[in-house]
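Only one structure is covered here, and it is reproduced in the block below.
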Amino acid sequence: MARYTGPTTKISRRFGEPIYGTDKSYEKKSYPPGMHGKNKRHKKVSEYGLQLAEKQKAKYTYGLLERQFANLFERASRRKGVTGEILLQLLESRLDNVVYRLGIAPSRAAARQLVSHCHIVVNGEVVNIPSYTVRPSDLIGVREKSKSLQVIVDSLSVNHRSRYSWLEWDEKAMVGKFLNVPERTDIPENIREQLIVELYSK
């Protein structure tokens, strides 16, 4: 399966919430997609259906493919602690997600592209792997010759906020610091991770 590159509003409407961030189109049509979406009667969803939908929502939110997500869950399940919480922490520690959270890119898809095109450095070294795991105290910045890129300049001027307690941003140097792995209560994504754990435990 290739990475999804279709309309994001359609996916948000499927899950009943704007999983890709603020979406004016979703606000106009928040009902499910399809010709019968607005008048569609809600059928009772099975337990498996709820679990699968939650996994799909997490995959689309963070932009992962099926195998990538399964591998990440396996890593989470091998660690000590609450598996669902560790899974979300691993997702939040991905380089593309950190670049997005710092406000360097307007979306995770844009962040993934910036990383892939060698515009991002970690501890002074160029890293072009979006799935790279950022560790506490790592410094994430914009490559010197990429600091004037319009997409980065625009994103930082509009989207940068000090909203996340586990991240720190130096506006002058255009460098962010990953202070610590976030607690579950700090992660804003509306994902019921326990359902995902139950799905993979079958």
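Taking the Cα centre of the range 83-165 as origin and charging only Cβ (+1 Lys, Arg; -1 Asp, Glu), how large is the dipole, in debye to the nearest 20? Please list the in-between numbers first.
Values: 10 positive and 7 negative charges, 31 e Å.
Dipole size: approximately 160 debye.
Under 1.5 on a/c is rounded, so check that first for the range 36-122, then, if it is not, pick prolate when a/b is larger than b/c and oblate when it is not; a ≥ b ≥ c are the square roots of the alpha carbon gyration tensor eigenvalues.
Numbers: a/c = 2.84, a/b = 1.41, b/c = 2.02.
Note, shape of the range 36-122 comes out oblate.
List every residue whose amide H lies under 5 Å from the amide H of residue 176, counting only residues 5 or more places away in sequence or on a different chain, with H placed 1.01 Å from N in the peptide plane.
140, 141, 170
Taking a label point 7 Å from the Cα of residue 147 along the Cα→Cβ vector, which residues of the range 162-189 have an amide N closer than 16 Å to it?
Output list for this probe position: 169-177.
Is the range 48-202 best put as rounded, prolate or oblate by its Cα gyration tensor, with a ≥ b ≥ c the root eigenvalues, rounded for a/c under 1.5, and otherwise prolate when a/b is larger than b/c, oblate when not?
Judged from the Cα gyration tensor, the range 48-202 comes out prolate (a/c at least 1.5, a/b above b/c).
Taking Rh as the Kirkwood radius, which is the inverse of the mean 1/r over Cα pairs, what is the Rg/Rh value for the range 126-199? Walk me through the intermediate numbers first.
Working: Rg = 15.1 Å, Rh = 14.6 Å.
Looking at the range 126-199, the ratio lands at 1.03.
Every number in this text was worked out from the coordinates using simple rules, so none of it is lab data. Here the structure is a predicted model, which means the values were calculated and not measured. No Cβ is skipped: glycine too gets one built from the backbone with ideal geometry, and neighbour counts run over all protein chains shown.
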